[in-house]
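Below you'll find the structure, written out as structure tokens, and then a few comments.
Values quoted throughout were computed directly from the atomic coordinates according to the rules given, and no laboratory measurement underlies them. As the structure is a prediction and not an experimental result, all values here were calculated from the model. Note that each Cβ is placed from the backbone with ideal geometry, even for glycine, and that neighbours are counted across all protein chains shown.
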Amino acid sequence: MSTGLPSGRDTKIQTLLDRLSQGDESARDELIVYSGGRLRRLTRKMLGKDAVHRWAETDDVWNNSLLRLHRALASVKPTSVREFFTLAARQTRWELKDLARHYFGPEGIGAHHSTEKAAADSDHHPRRDKADTTNDPVKLANWTRFHEQAESLPEPEREVFRLHYYCDLPLNTVAEIMKTNYATAKRTWRSARRELSKFAQQIIPGF
């Protein structure tokens with residue numbers, strides 16, 4: 001049963017989700033291809049300008065997140081556009097967390113680089129230096145905390161935040177998906193922003 005949007009791209013996604021839930025595995029590949037552009041925007045928004053972006057470009061994170069989503073759809077069958085993009089955002093968040101651990105864990109390569117632009121050596125490699133404790137690692141910690149706090153928001157703030165911020169859906173569309181009105185969706189979005197503003201100040205200017 002379709003529970004997504006009545007028209008446009010989301011109707012196509014809902015049709016593909018219906019096919020997938022009915023056992024049509026070819027719909028899995030079509031979902032990835034058809035929604036790829038929107039998922040790339042989701043990745044760019046989640047990646048932002050944090051420390052991780054210094055080590056992994058948006059396309060790398062996007063490709064890996066799509067692979068995660070493709071694997072997840074083998075066992076998880078979202079029944080609505082809302083569930084699909086929630087699943088997609090989760091895969092991207094996990095990919096970014098894995099990158100953060102890889103680059104900035106105790107043995108990560110990011111922990112051994114200064115965040116200030118280093119003079120290149122004769123082979124044009126960045127200078128290995130003592131880990132900077134006030135720049136990239138701090139931004140990374142703030143970024144991680146921001147996304148963790150977003151996931152800990154109470155409902156419906158968490159759902160509105162996922163759909164509007166991560167999935168880049170306009171608030172009137174969010175209201176329709178959540179079967180509420182625009183004024184309520186807007187009020188809920190403002191509440192979510194207030195809750196997250198103190199975590200976003202250093203990583204999302206103008207949040």
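Below is a table of values for the structure above.
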| item | result |
| --- | --- |
| Subset of 12/198; 97/198; 45/77; 12/45 violating a 28 Å alpha-carbon distance limit | 12/198 |
| DSSP-loop trypsin sites (Lys or Arg not before Pro) across the range 168-207, with at most 15 other Cβ within 10 angstrom | 179 |
| Surrounding net charge for residue 170, when Lys and Arg each add one and Asp and Glu each subtract one, Cβ distance under 11 Å | -1 |
